[in-house]
Structures are given as structure tokens and as C-alpha cells.
Amino acid sequence: MSKRRWVLVGAAVALAAGVAGAQGPIMEMVANKVIQKYQTASCEQLWEEKGKPKPAQEQEVIQMLKGDPQMRTVFLNKVAGPIANKLFECGMIP
């Protein structure tokens, strides 16, 4: 697993642990890492990752976001545009 992904997963796990008062800044950091990943990844890299299963830590973060609608809304509002633009550029969405 790449160093960048470990940083993302580590920050997301800290977020999932419910670090009171620091959730906003941690969520911002995680969102920024996700945005950076999509902005720097090539289309080929994204296509390769698409079919692979997600690591356990990433699945935990997804479950955490599913369980907290408010945090999920803030997170998705921040990352949706950059991710959608990259996926469109790569032909991964219509």
C-alpha cells in the first residue's frame, strides 16, 4: 500500500475514532488527501484501482461515513466536484 494511502487511512481512522473537537480539521485533511489523490493519479491508475477490493481500514472509514450522515455530507460536498471531474476526464462516468 502506498505511503499516501496509509496517511489517508490513518487520518480517516482517527476521524472514525471520534476525536472530539478535532473532527472538522481531521475530516478536512482526509478530504484534501482524497482530492489530491484524484488530481495526481493517472487515468490508468484509477482504472487499475477500480476493480481491486478496498483495504480493511478504508472499509471501516466507509462504514463510519455511512453511520454519520452529517459528516458524510460535509465530506462529499468537499470531494465530489474534483472526483467527478477526474472520473469524467478518464471516461469512467458519462
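Does I93 satisfy the criteria of being touching a helix residue (DSSP H, G or I) at 6+ places or on another chain (Cβ under 6 Å), loosely packed, with under 12 Cβ neighbours inside 10 Å, hydrophobic (A, V, I, L, M, F, W, C) and at pLDDT 90 or above? Give the derivation first.
Numbers: touching a helix residue (DSSP H, G or I) at 6+ places or on another chain (Cβ under 6 Å): yes; loosely packed, with under 12 Cβ neighbours inside 10 Å: yes; hydrophobic (A, V, I, L, M, F, W, C): yes; at pLDDT 90 or above: yes.
Yes, satisfied.
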- [ ] Give G21, G10 a once-over and let me know the one that is part of a helix (DSSP H, G or I), modelled with pLDDT under 85 and small (G, A, S).
- [x] G10
TODO: For region 45-71, name all the residues that are surrounded by fewer than 12 Cβ atoms within 10 Å (Cβ to Cβ) and either closer than 19 Å to A84 by Cβ or aromatic (F, W, Y) (or both).
DONE: K50
Open item on the list: Report every pair of residues separated by at least 6 positions or lying on different chains whose Cβ atoms are under 6 Å apart, first residue within region 51-77 and under 14 Å from A31 (Cβ atoms) and in contact (Cβ under 8 Å) with a residue 12 or more places away in the chain, second of a type in the set (V, I, T) and part of a helix (DSSP H, G or I).
Closed with: none
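The values are calculated or read from the model by the stated rules, or taken from the named source; none is laboratory data. What you are looking at is a predicted structure, and each value in this text was computed from that prediction instead of being measured. Here Cβ is always computed from backbone atoms with ideal geometry, including for glycine, and neighbour counts include all displayed protein chains.
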